[in-house]
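Here the structure comes first, spelled out in structure tokens, and everything after it is commentary.
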Amino acid sequence: MSRQRRRKLIEVPSTPHMGQPGAGPLLDVDGVRTSFDTARGRVKAVDGVTFRLERGKTLGIVGESGSGKSVLSRTIMGLLPSTATREGTVRFEGRDISDLSAEGYRDLYGTEMSMVFQDPMTSLNPVLRIGRQITESLRYHLDMDKREANETALALLDAVKIPEPAKRIRSYPHELSGGMRQRVVIAVALACGPKLLFADEPTTALDVTVQAQILDLLAEQQRERFMAMILITHDLGVVAGRADEIAVMYAGRIVEKAPTNVLFSDTRMPYTEALMKAIPKVSQPSHTRLDAIGGRPPDLINPPAGCAFSPRCPYAQERCRAEPPPLSESTRVAGHYFACFYPLGHDRPADTSPVTPEPTSGGAR
Amino acid sequence: MAGSGTAHLRPAGSALLRVEGLVVEFSAARRRTVHAVSNISFDILEGETLGLVGESGCGKSTTGKAVIQVPRPTAGSVSLDGVELTSLRGSRLRQIRPQLQMIFQDPISSLNPRRKVADIVAEPLRIWRTADADQEAAKVEEVLVAVGVDPDAARDRRPHEFSGGQCQRISIARAVITDPRLIICDEPVSALDVSVQAQILNLLQDMKTRYGLTLVFIAHDLAVVKNVSDRVAVMYLGKICEVGPPDTLFAEPAHPYTEALISAIPHPDPTVPIDSGIRLTGELPSPLDPPSGCRFRTRCPRAQARCSTEEPTARGVGDDHFVACHFPLLEPEE
Amino acid sequence: MSWRYVGRRLVQLVVVLLIVTFFSFMLINLLPGDPVDNLCTGVCDQEQEAQIREELNLDEGVVQRYFDWLGGILTGDFGRYYDSGVQVSQVLESALPVSLQLVIYTQIVALVIAIPMGVLTAYRAGTVFDRSSNATAFGFLALPNYVLAFYLISIFALGLAWFPPGGYVYLSDNPIEHFKSMFLPVMALAAGQVAVYMRLLRSDMIQTLQEDYITMAKAKGMPPRRVLFRHALRPSSLTLLTVAGLNVGTLIGGAVIIEVLFELPGMGTQIFLTINNNEYVALQSYIAIIGVAYVLINFSIDFTYSLVDPRIRHG
Ligand SMILES: Nc1ncnc2c1ncn2[C@@H]1O[C@H](COP(=O)(O)OP(=O)(O)OP(=O)(O)O)[C@@H](O)[C@H]1O
Ligand SMILES: Nc1ncnc2c1ncn2[C@@H]1O[C@H](COP(=O)(O)OP(=O)(O)OP(=O)(O)O)[C@@H](O)[C@H]1O
Ligand code: SF4
Ligand code: SF4
Ligand SMILES: [Mg+2]
Ligand SMILES: [Mg+2]
């Protein structure tokens, strides 16, 4: 897309960029695999992920540390290190972007997709004033002149609710609190009016009160700009009220994906259930015994054959250890996908009574 | 408490640990002072778990460290079983150290990477040579089994060969090996994944039952604190705002800050509507120059003139429920 | 930066300068044997000896003599050559600018080559380009600069005759000839520095390129050149800055040989001559001046840290 055209699109950043009539999903990810060659062997960080995201919608991606959430988002954005190998296709607005060159991706960044990182303490350049970090992409992508870019930056700082933007625009990152910095990061990400925002654990490093403010802010900006968002987190609570759909990842795969309400009310995949049960909740009385999941996530270099959750799954059967369950759509609810041979709920075969998982044994990773 | 006061303390002599008027200050550049902890009081009964919650920088870790006297507090009294720790010096203090243990947030870096697990776990015993080699080996084996680590597989390995959860188990083993009276857990599960977090929380509960431990449990995750605590103290900018049993405190917070904290908790349940009504605004003030009167007043929706001149002190608002606020959400008792 | 900080640093500076000048001054006294014998090397008559004794104030205590000498230096009296009676200050006037030019040109050339090389080798770490640049740089580092100087002279001066093999032309006399006369000596000195600076910057840069804010700059769609030079260079250059300051010392040492080889009438040549001719009074002044210059350069570098990295605040 030429700079001229892009600029047109952006001039009114808060107008919805409605897709052309009949256009497909904004993002279409199909069979994406990403692996890293390391000294120990090949790490299969993302192992066959498929999903679609419509314009203006929010997809929550939930999973424990190492489940491949960040690698997946970086794969889609083309931000992988050179040690990575990738397969599969990614379509953005119908265009295959999986084999774009570095320049090709650069044209997408900022105006089509952008990213908010986890740690606001490290994601801003410590030696540049925050104003400069915002105006930089405005000037580069939208060809704004200095004055115009400055005014837009002020408006953005105001939009992300930074008090006294005119003063703050000249601050360095270290002069701001964590919450304020994350607002700046969001302003940077929103600057050129992207259609898709990746928020990779945007609040993990922040306090609850600030977390709530930042999530409110993201939701508000998303509504105003009709922007789609992929909200990555390890905290089911963060996405529960804020995502349209949730995908649960385990060992590099999506193991369950459903509209948010359905995922919580009709959980089918044992890992999702286990995750929900393991979280302490304020709604429970104190000293409620938690249902911990025994063991720990698999080694991604030598993942277990079959279902990756089978060593920890209370319902595992012979078949689970032999072949991997495919991600298939529920017969009960359209749009509800899960990867399990013996899903929870009443269509579970009668003979699948729970077995106790192996106890945690000590020993090396 | 965001004021001072001691109304929430139990009768003298009944508590295992009693902290009164604790002040910890650090000196900063240009002869300024960081008021990290300013005149707080709390106590813990034998076998009780006290949860300390509050936002980053409110002084939780500083409080925990002041209890074990590293560094020694600027002012105030810390007494363990009637022994005043702040006046102990040298070997008298070292003698009491095995009774106070600490578990830290980062499980991997809090263990010496060059030493073997067996040595790490046995170390607190060796300081006082309370056991001979056989007794020591037996004790190491016992605690490792108790925390769910296979002693034969683990003994001769080093911390980096273990996952975060396993390292936290080893830290717990090290902490309980001296049969301590009190363990200070500073965010012990914050760096762990949910599935492992639940294992460690359950383990702490089991260890408490097994060894009769008394815990100070520091965390910023309110749900975790509610789950493990018998009593919760909410801190804000070096002060205690509210103290009470977790179920009461979460159901009926009396302090405006507690209310704001609770309303910010994300619920893993889409049917719970997001409560964006009570959002704290403004920035956390600097501990270099805390607000006068009630320290929460710059962000408090209920603040009035009195709050800037007079510091609120602890008052009872219910059964074992205390708040330091001039205009609390619950009617104070007389 | 507060005034109090500046004041404190200035006091420190004065103390360091006193120490540096004191040790330069003590040079004569530390030489074994009697200073007068050392100066005369056995060829003075009694009268001359007495005169030296008088001029050096050898009958006074060391501290008193030091302050007398320091007072002289501060008023521009650096002593004189015994042999010729020429004032040291006169020689300084012509020699100091030559050496300053040599050192400054060398630093500029070294940095101008090393910075882009450091940035690019970091960006392309592990590639053939990176490895061959590193190998070349190491080669230059291993080669003593006087050996390199011989090669340069024989190839570019004697062989190709692109540059003069020696001699000095004043900048004000003929700028082109000036730079031509300085080219080979600067290259001989800069080669080793390039290797050091490039390696330093490369390793700091590699670290910086792992930082989140670099990924963020890429995710903003900034082209690589901008990411490298706008976003990554400044945060990576603190060590380089420090070492570039400290290296002035090495450079001055190297300059002595290079000046002599290329017949540049700078401080190095003077020092060489004073040592050869046992002109200890002049030598002690030269060494004091070099020491002071070195301290002042490193002192001013301290103040530039906060320009490079705003997190470093002097409070
Ligand atoms: N550059 C890399 N080289 C080798 N392995 C990598 C690299 N980046 C990621 N991995 C591995 O890929 C797996 C997935 O990592 P990823 O960062 O996507 O996890 P995550 O779900 O984002 O976890 P977290 O919650 O900790 O951020 C991990 O096992 C990780 O060690
Ligand atoms: N050694 C120290 N020197 C100076 N200031 C300190 C020191 N230790 C802590 N502080 C300051 O004291 C205050 C309280 O810090 P503390 O670490 O106790 O907070 P915390 O509640 O544990 O926060 P977190 O949740 O981030 O761990 C902070 O403002 C901190 O910057
Ligand atoms: S496939 Fe088998 S092991 Fe995997 S989650 Fe389902 S029941 Fe458990
Ligand atoms: S009402 Fe006053 S005393 Fe109570 S918390 Fe608010 S500011 Fe503090
Ligand atoms: Mg991640
Ligand atoms: Mg802390």
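Below are the figures for this structure:
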item: Strands (runs of 3 or more DSSP E) lying entirely in the stretch A:177-295 (those with 1 or more residues that are more than 9 Å from chain B (Cβ to nearest Cβ) and closer than 27 Å to A:G110 by Cβ); result: A:196-200, A:228-233, A:245-250
item: Scope the stretch B:291-318; condition surrounded by fewer than 20 Cβ atoms within 10 Å (Cβ to Cβ), away from chain A (no Cβ under 14 Å) and not charged (D, E, K, R); matching residues; result: B:P291, B:S292, B:G293, B:A303, B:Q304, B:A305, B:S308, B:T309, B:T313, B:G316, B:G318
item: Any hit, the stretch B:305-326, residues being of a type in the set (A, V, I, L, M) and within 16 Å of ligand 2 (Cβ to nearest atom); result: no
item: In the stretch B:165-181, the residues that are over 11 Å from B:L111 (Cβ atoms) and in contact with a Pro (Cβ under 6 Å, 6 or more places away or on another chain); result: B:I177, B:T178
item: Matching entry among B:S110, B:S163 (being of a type outside the set (A, V, I, L, M, F, W, C) and under 27 Å from B:P73 (Cβ atoms)); result: B:S110
item: Criterion: modelled with pLDDT of 90 or more, in contact with a helix residue (DSSP H, G or I) (Cβ under 6 Å, 6 or more places away or on another chain) and closer than 30 Å to A:T209 by Cβ - qualifying residue of A:L236, A:L275, A:L290, A:L263; result: A:L290
item: Residues being in a helix (DSSP H, G or I) and crowded, with 19+ Cβ neighbours inside 10 Å - total across the stretch A:296-333; result: 1
item: Sole exception among (1) within 20 Å of B:L50 (Cα to Cα); (2) within 11 Å of chain A (Cβ to nearest Cβ) for B:L280, by number; result: (1)
item: Residue match in the stretch C:299-307 (condition: touching a Ser or Thr at 6+ places or on another chain (Cβ under 6 Å), assigned to a helix (DSSP H, G or I) and either surrounded by fewer than 18 Cβ atoms within 10 Å (Cβ to Cβ) or at pLDDT 80 or above (or both)); result: no
item: Criterion: more than 16 Å from ligand 5 (Cβ to nearest atom), within 14 Å of chain A (Cβ to nearest Cβ) and of a type in the set (S, T, N, Q) - qualifying residue of B:S56, B:S91, B:S87; result: B:S56
item: Pairs where the first residue, in the stretch B:12-30, is within 14 Å of chain C (Cβ to nearest Cβ) and within 20 Å of B:G57 (Cβ to Cβ) and the second is part of a strand (DSSP E or B) and away from ligand 1 (no atom under 16 Å from the Cβ), C-beta under 9 Å, 6+ apart; result: B:S27/B:T33; B:S27/B:V34; B:A28/B:V34
item: Sole exception among (1) touching a Phe, Trp or Tyr at 6+ places or on another chain (Cβ under 9 Å); (2) surrounded by fewer than 18 Cβ atoms within 10 Å (Cβ to Cβ); (3) among the basic types (K, R) for C:R230, by number; result: (1)
item: Number of the exception - B:Q197 against (1) more than 16 Å from ligand 1 (Cβ to nearest atom); (2) within 8 Å of another protein chain (Cβ to nearest Cβ); result: (1)
item: Exclusive hit being away from ligand 6 (no atom under 16 Å from the Cβ), hydrophobic (A, V, I, L, M, F, W, C) and within 14 Å of another protein chain (Cβ to nearest Cβ), set B:A173, B:A191; result: B:A173
item: Whichever residue in the stretch A:57-86 is closer than 11 Å to A:V29 by Cα and of a type outside the set (G, A, S) and, among such residues, is farthest from ligand 1 (Cβ to nearest atom); result: A:I76
item: Some residue of the stretch C:167-184 being assigned to a helix (DSSP H, G or I) and closer than 19 Å to C:G253 by Cβ; result: yes
item: Filter result (closer than 24 Å to B:P273 by Cβ and surrounded by 24 or more Cβ atoms within 10 Å (Cβ to Cβ)) within the stretch A:257-272; result: A:K257, A:A258, A:L263, A:T272
item: Subset of the stretch C:181-198 (residues that are of a type in the set (S, T, N, Q) and closer than 15 Å to C:F262 by Cα); result: C:S181
item: Top-ranked residue of the stretch B:291-334 - restricted to ones that are of a type in the set (K, R) and out of contact with any helix residue (DSSP H, G or I) (no Cβ under 7 Å at 6 or more places or on another chain), ranked as farthest from ligand 1 (Cβ to nearest atom); result: B:R306
item: Count of residues meeting criterion [within 7 Å of chain C (Cβ to nearest Cβ), hydroxyl-bearing (S, T, Y) and not in a loop (DSSP other than H, G, I, E, B)] in the stretch A:99-143; result: 4
item: Meets criteria (of a type in the set (A, V, I, L, M, F, W, C), more than 16 Å from ligand 4 (Cβ to nearest atom), under 25 Å from the mean Cα position of the chain (by Cα) and surrounded by fewer than 19 Cβ atoms within 10 Å (Cβ to Cβ)) for B:L93; result: yes
item: In the stretch A:155-176, the residues that are more than 27 Å from the chain's Cα centre (by Cα) and within 14 Å of chain C (Cβ to nearest Cβ); result: A:R170, A:S171, A:Y172, A:E175
item: Failed item, numbered, when A:R268 is tested on (1) more than 16 Å from ligand 6 (Cβ to nearest atom); (2) of a type in the set (D, E, K, R); (3) under 29 Å from C:A217 (Cα atoms); result: (3)
item: Whichever residue in the stretch B:31-45 is out of contact with any helix residue (DSSP H, G or I) (no Cβ under 8 Å at 6 or more places or on another chain) and within 13 Å of B:D289 (Cα to Cα) and, among such residues, is farthest from ligand 5 (Cβ to nearest atom); result: B:R31
item: Checklist (1) farther than 30 Å from C:D204 by Cα; (2) out of contact with any strand residue (DSSP E or B) (no Cβ under 6 Å at 6 or more places or on another chain) applied to C:G126, failing item; result: (1)
item: Any hit, the stretch B:254-269, residues being at the interface with chain A (Cβ under 8 Å from one of its Cβ atoms) and in contact with a strand residue (DSSP E or B) (Cβ under 8 Å, 6 or more places away or on another chain); result: yes
item: Residue within the stretch A:112-134 that is modelled with pLDDT of 90 or more and in contact with a Cys (Cβ under 8 Å, 6 or more places away or on another chain) present; result: yes
item: Residues (within 26 Å of C:L307 (Cα to Cα) and surrounded by fewer than 20 Cβ atoms within 10 Å (Cβ to Cβ)) located in the stretch A:152-167; result: A:L154, A:E164, A:P165, A:A166, A:K167
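The values are calculated or read from the model by the stated rules, or taken from the named source; none is laboratory data. Model, not experiment: these values are computed from the prediction. Positions of Cβ are generated from backbone atoms using ideal geometry, with glycine treated the same way; all protein chains shown enter the neighbour counts.
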